[in-house]
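Since every read-out is calculated from the coordinates, none of them should be taken as a lab result. What you see is a predicted model, and the numbers here were worked out from it, not measured in a lab. A quick note on method: Cβ atoms are made from the backbone with ideal geometry, for glycine too, and the neighbour counts reach across all protein chains shown.
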Amino acid sequence: MSLRIQEVPAAEAPLELLLLADPSEEKIRSYLPESRCFVASRGAVVVGACVVQPRGAGAHELMSIAVLPEHQKSGYGTALLRWVVDLYRRAGARQLEVGTGTFGYQLAFYQRQGFRVTSIDRDFFVRSYPEPIFENGIQLFDMLRLTLRYPGNVA
């Protein structure tokens, strides 16, 4: 059975899945209305989801991407991200941006797809979330901003 990727209305975004990538339901609900939501399915099961928000001048931000834990490390996240990257490239976007923690598999995940670190938002996770966020037993403090620029696109 192959992976099917499609856009769904933001109102139909799989919130439980998106909470795997962003622990704040309030934050997710705040950015969903102005965003596009994409889901990856195998048969009737939604295994992954991605939310992208326009930032103006041909820039877009990947707000969230998540894969069900039992389907992680199966290539679904990579397939979903590549599909979204290609969609925005074909649409003439200038760049795709994402914010992530300063360590962990997420950082390597984005870098493997061509994203480059462009800035650091110091203490982002401390300022933006009421409870500390831990990854592999280490508290997240700073957010790395990464950018994938589309050569030749000037939108």
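For Cα pairs less than 8 Å apart in space and 6+ apart in sequence, what is the mean separation divided by the residue count of region 1-145, i.e. the relative contact order in percent? Intermediate results must be reported in sequence, preceding the final value.
Numbers: 228 pairs, mean separation 25.9, N = 145.
Relative CO of region 1-145 lands at 18 percent.
Exposed loop sites here are trypsin sites (Lys or Arg not before Pro) in DSSP loop states with at most 15 other C-beta atoms within 10 Å. What is the longest stretch of the chain lacking them? Show your work: numbers first, answer last.
Details: sites that count: LYS73, ARG122.
With trypsin sites (Lys or Arg not before Pro) excluded where exposed in loops, the chain gives 1-72 as its longest stretch.
DSSP beta bridges in region 1-97, what fraction antiparallel, as a percent rounded to 5?
Values: 20 of 23 bridges.
Given both bridge residues lie in region 1-97, the antiparallel proportion sits at roughly 85 percent.
Take the alpha-carbon centre of region 91-147, take the same for region 36-59, and report the distance between them in whole Å.
One Cα centre to the other: 18 Å.
Only Lys, Arg, Asp and Glu count, each charged at its Cβ (+1, +1, -1, -1), so figure out the dipole size of the chain about its Cα centre, rounded to 20 debye. Walk me through the numbers before you get to the answer.
Details: 17 positive and 16 negative charges, 154 e Å.
Once rounded to the nearest 20, the dipole reads 740 debye.
Is the shape of the chain rounded, prolate or oblate, going by the alpha carbon gyration tensor and its root eigenvalues a ≥ b ≥ c, with a/c under 1.5 for rounded and a/b larger than b/c for prolate? Each step should come with its number before you reach the end.
Working: a/c = 1.41, a/b = 1.08, b/c = 1.30.
Judged from the Cα gyration tensor, the chain comes out rounded (a/c under 1.5).
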